[in-house]
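The values are calculated or read from the model by the stated rules, or taken from the named source; none is laboratory data. Since we're looking at a predicted model, the values are computed, not measured. Every residue, glycine among them, receives a Cβ derived from its backbone with ideal geometry; neighbour counts consider all protein chains shown. Side chains included, ligands, DNA and RNA excluded: accessible areas come from the protein's heavy atoms. Shrake-Rupley method; radii C 1.70, N 1.55, O 1.52, S 1.80 Å.
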Amino acid sequence: MSDNIQTGIQNRIDGMHQRVQGLRDADMYFYNMPVSELKGSSEVVVSGRTMLMLASYGYLGLLGHPRINKAAGDALEKYGSGTHGVRVLAGTLDIHVELEKTIADFKNTEDAVTFSSGYVTNLAAISTIVGRRDIVLCDKYNHASIVDGCLLSGAELKRFRHNDMDHLEGLLKRYSDRTTKLVIVDAVFSMDGDIIDLPALVELCRKYDAWLMMDEAHSVGVLGKTGRGIEEHFGMQDCVDVKMGTLSKTIPSIGGYIAGNSGLVNLLKHAARGYVFSAAIPPAQAAAAKAAFEVIIDEPDRIEKVQQNARIFIDGLQAIGFDTMSSETAIVPVLCGTDEKAYELVRLCQSQDIFVLPVVSPAVPEGLSRLRATVTAGHSKAQIEHALSVLEIAGKEAGLI
Ligand SMILES: *Cc1c(COP(=O)(O)O)cnc(C)c1O
């Protein structure tokens, strides 16, 4: 018995080693590359080479912003590098409370609670608000942390076809006898860059008396005139019950949050295991996150810029002949089909100092492997045009266009 278990683990280790080594040998391994320096808000140094960053989640170009850096530095001086432990006991600092107030104001909710990562936020929140006998309905393309949160909760998990409101309605009808129903979706899907159909979704949730939880990892700072996210994008208000977001993407820090009514936040602050049993966000990171929300409010041009850059980039790629799927946002898939084609296109771009990465199965469905590029407010028009010209040559060489 114990021999079999040992063999099972060793097989996993060996299997992954072979897969990674095979890619390295073929010069097709692009993951876990250390960046050694930031250069402005759009370039990085990797292996001594300056590269145009086209894979960043920092949609508003806030990484390295002087005001945010200063806030982090001041907090480090004042509080030290960590906290005294978990939030419920000795780990809460006044800046955590201020950060949560800032988030609640930004998301127009009564209150908010932060966790030590976005991933943990989904795990902790979902497994607290639903449990056995409840049902959760998820978009098929929801982020892995949502899926893991549902599994951890023990609730029954049903998935509807991507952004397919008819399929969702069918499921809501079928399970209408359940007293507790939660629908969870990404606002902007992290692999495809498309936007959930919020108006239809809200109508269904109201009609079938389901709660709605929205993951705004890729929509805060990106959607809406002032970057407030999905509701602002559709001109809607107060239609999402559980508003989740991260502090690691547009907000250049670490952590995640749930914004909602004060009862919900109170529940999470006392019953969510990822909050009660895991240490608080470090002071410098809490201060950086708070300052970043303030910068978003004070520098609204950045939001217009990222939206503009996304349009220029998507239009440019389509004009060259690439398939950008249904993206309307700063996440832009460049469809390649097979894993090999995606690796090839990335290798060609990287040889021209464009930092882009491939996404292959199982992260995306087989046959839909892609180069996944992101644009930010930190890119100039000239940089985007340069990236397009590199992609055009690379796409021809790879036989994609
Ligand atoms: C990145 C991401 C998360 C996790 O956030 P982290 O802060 O990186 O842990 C959750 N949901 C979605 C949709 C994401 O893209």
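Would you confirm whether or not segment 1-18 contains a residue that is open to solvent by 30 Å² or more (accessible area, probe 1.4 Å), free of Cβ contacts under 8 Å to residues at least 12 places away in the same chain and in a loop (DSSP other than H, G, I, E, B)?
Taking every residue of segment 1-18 in turn, at least one turns out to be open to solvent by 30 Å² or more (accessible area, probe 1.4 Å), free of Cβ contacts under 8 Å to residues at least 12 places away in the same chain and in a loop (DSSP other than H, G, I, E, B).
Counting just the residues of segment 309-348 that are in a helix (DSSP H, G or I) and among the acidic types (Asp, Glu), which one comes out most open to solvent (accessible area, probe 1.4 Å)? First the steps, then the outcome.
Of the residues in segment 309-348, the ones in a helix (DSSP H, G or I) are 309-320, 339-348.
Subset that is among the acidic types (Asp, Glu): 315, 339-340, 344.
Numbers: 315: 93, 339: 34, 340: 123, 344: 45 Å².
Restricting to residues being in a helix (DSSP H, G or I) and among the acidic types (Asp, Glu), the top hit is 340.
If residue 159 satisfies all but one of (1) more than 18 Å from residue 192 (Cα to Cα); (2) touching a strand residue (DSSP E or B) at 6+ places or on another chain (Cβ under 6 Å); (3) not hydroxyl-bearing (Ser, Thr, Tyr), what's the number of the condition it fails?
(1)
Show the residue pairs that are 6+ apart or on different chains and have beta-carbon atoms under 9 Å apart, the first residue being within segment 156-179 and over 14 Å from residue 200 (Cα atoms) and assigned by TED's automatic domain parsing to the domain that holds residue 192, the second being of a type in the set (Ser, Thr, Tyr) and not in a strand (DSSP E or B).
Matching pairs, first to second residue: 156/175; 158/175; 173/208; 175/208; 176/208.
Return the residues of segment 90-106 that are buried (at least 22 other Cβ atoms within 10 Å of the Cβ) and in contact with a Lys or Arg (Cβ under 6 Å, 6 or more places away or on another chain); say none if nothing qualifies.
Within segment 90-106, just 99 meets the criteria.
Say we look at segment 162-213 and pick out the residues that are more than 15 Å from the ligand (Cβ to nearest atom) and of a type in the set (Ser, Thr, Tyr); which of these is surrounded by the fewest Cβ atoms within 10 Å (Cβ to Cβ)?
So the residue we want is 179.
Suppose the filter is within 23 Å of residue 97 (Cα to Cα) and either basic (Lys, Arg) or modelled with pLDDT of 95 or more (or both); does residue 216 pass it?
Here the answer is yes, as residue 216 does meet what is asked.
Looking at segment 227-242, which of its residues are within 13 Å of the ligand (Cβ to nearest atom) and either in a loop (DSSP other than H, G, I, E, B) or open to solvent by 10 Å² or more (accessible area, probe 1.4 Å) (or both)?
229, the sole residue that qualifies.
State which residue pairs qualify: first residue open to solvent by less than 10 Å² (accessible area, probe 1.4 Å) and away from the ligand (no atom under 16 Å from the Cβ) and inside segment 247-273, second residue modelled with pLDDT of 95 or more and in a loop (DSSP other than H, G, I, E, B) in any location, beta carbons under 8 Å apart, and separation of 6 or more residues or different chains.
Here the result reads 260/109; 260/110; 260/241; 265/110, each pair linking segment 247-273 to a residue that is modelled with pLDDT of 95 or more and in a loop (DSSP other than H, G, I, E, B).
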